[in-house]
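The structure appears right after this line, and notes come after that.
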Amino acid sequence: MAKPRKVIIIGAGHVGAHAGYALAEQGLVEEIVFIDIDKEKAKAQALDIYDATVYLPQRVKVKSGDYSDATDADLMVIAVGTNPDKSKGETRMSTLTNTAAIIKEVSGHIKNSGFDGIIVSISNPADVIAHYLQHLLDYPSNKIISTSTVLDSARLRRAIADAVGIDQKSIYGFVLGEHGESQMVAWSSVTIAGKPILELIKEKPEKYGQIDLSKLSKEAKLGGWHILSGKGSTEFGIGAALAEVTRAIFSDEKKVLPVSTLLNGEYGQQDVYASVPTVLGIHGVEEIIELNLTPEEKEKLDASCKTMKENYEYALTLS
């Protein structure tokens, strides 16, 4: 009999709770343990989801606990930190100092727990925090990733689908770089049913010629802000994105998703976490796919990586 799949979720706020519910609802795990400094909140979130499992297709044990529960866990989700205040002009990167302080404390607990599974970070600023955590833990980089632009890429596909009237699952494309202000869209590799969208624009101007690529890129970037300003946090999208990444790992799918992973030579980058098409399997990152970017796209990706590298170096001064 196979070992039950166990996931630890650090942080029982909106994002952590919805990530947990998505895992339970999709039947991806057999056990979920919430850990939070607010023990009562962790207990309440776990109990709320556990109640829901009575009517879910698969039995899932959900509880709150502590880091001793992580010893035999297969995967850990990091969902700590605070949301940026857009009214004050803050970006995801603005939360780095506060989140890094929490991550520093959390990393000590992870080390002491004996956990050696896969770590998927949701905490913002996504790419820098994943890199900072990997540094603090001195952990194999293939085993620490961030969901990063998995969600932004979904927002891009949804925006394109709305613009062209074709189902979003027939549209394939990636947002690369930072899960934040410097992200970019690799339009040269965006396809509809395998056909490059740039070719469709030229061949069928009556249908595709009015597509505003710049506007669609902004929609992918601003999608989270629309949600944040409307209800205070994003929840369902990131929960589904986390579940997609978890499924790829637990099922050893070898699925390509734009997670943030450590680049060492790929795309001409060294020692920086950035979102790029990545093959995910049971051991985490198995391969990085290098797209043939145009010179303009490469320049934008380079600029995004520069931003993240500078902020990572700043994070190191906080240690």
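Quick notes on this one:
- Residues of the stretch 126-150 that are at positive phi and either part of a strand (DSSP E or B) or open to solvent by 10 Å² or more (accessible area, probe 1.4 Å) (or both): ASP138 alone.
- The stretch 167-199 - residue that is of a type in the set (A, V, I, L, M) and touching a strand residue (DSSP E or B) at 6+ places or on another chain (Cβ under 6 Å) and, of those, farthest from SER121 (Cα to Cα): ILE192
- Qualifying positions in the stretch 1-26 - more than 20 Å from SER233 (Cα to Cα) and crowded, with 16+ Cβ neighbours inside 10 Å: ARG5, LYS6, VAL7, ILE8, ALA24, GLU25, GLN26
- Subset tally (residues that are of a type in the set (Asp, Glu) and either in a helix (DSSP H, G or I) or on the phi > 0 side of the Ramachandran plot (or both)) for the stretch 17-47: 2
- Residue identified as assigned by the TED database to the domain that holds SER182, among the acidic types (Asp, Glu) and either open to solvent by 50 Å² or more (accessible area, probe 1.4 Å) or closer than 30 Å to GLU30 by Cα (or both) among GLU286, GLU297, GLU266: GLU286
- A search for C-beta distances below 8 Å between a residue of the stretch 160-185 that is under 17 Å from GLN269 (Cβ atoms) and any residue that is β-branched (Val, Ile, Thr) and part of a loop (DSSP other than H, G, I, E, B), counting only pairs 6+ apart in sequence or on different chains, returns PHE174/VAL190; PHE174/VAL276; LEU176/VAL276; HIS179/THR147; GLY180/THR91.
- Any hit, the stretch 161-174, residues being modelled with pLDDT of 95 or more, open to solvent by less than 10 Å² (accessible area, probe 1.4 Å), assigned by the TED database to the domain that holds GLN210 and outside any helix (DSSP H, G or I): yes
- Qualifying residues in the stretch 193-210 (those that are surrounded by 15 or more Cβ atoms within 10 Å (Cβ to Cβ) and touching a residue at least 24 places away in the same chain (Cβ under 8 Å)) - the one farthest from VAL164 (Cα to Cα): ILE197
- When the stretch 118-143 is filtered for residues that are within 22 Å of THR97 (Cβ to Cβ), touching a residue at least 40 places away in the same chain (Cβ under 8 Å) and of a type in the set (A, V, I, L, M), the ones remaining, listed by number, are ILE119, ILE122, ALA126, VAL128, ILE129, ALA130, LEU133, LEU136.
- The set of residues in the stretch 102-125 being under 18 Å from VAL15 (Cβ atoms) and in a helix (DSSP H, G or I) consists of ILE102, ILE103, VAL106.
- Positions within the stretch 193-212 being out of contact with any helix residue (DSSP H, G or I) (no Cβ under 6 Å at 6 or more places or on another chain) and closer than 18 Å to TYR172 by Cα, in sequence order: GLY194, LYS195, PRO196, ILE197, LEU198, GLU199, ASP212
- Qualifying residue in the stretch 248-259 (condition: open to solvent by 10 Å² or more (accessible area, probe 1.4 Å), over 21 Å from ALA73 (Cβ atoms), in a helix (DSSP H, G or I) and of a type in the set (D, E, K, R)): no
The values are calculated or read from the model by the stated rules, or taken from the named source; none is laboratory data. Quantities reported herein were computed from a predicted structural model and do not represent experimental measurements. For neighbour counting, all protein chains shown are included, and Cβ atoms are generated from backbone atoms with ideal geometry for every residue, glycine included. Quick note on the areas: whole protein, heavy atoms, side chains included, nothing else; ligands and nucleic acids left out. Shrake-Rupley method; radii C 1.70, N 1.55, O 1.52, S 1.80 Å.
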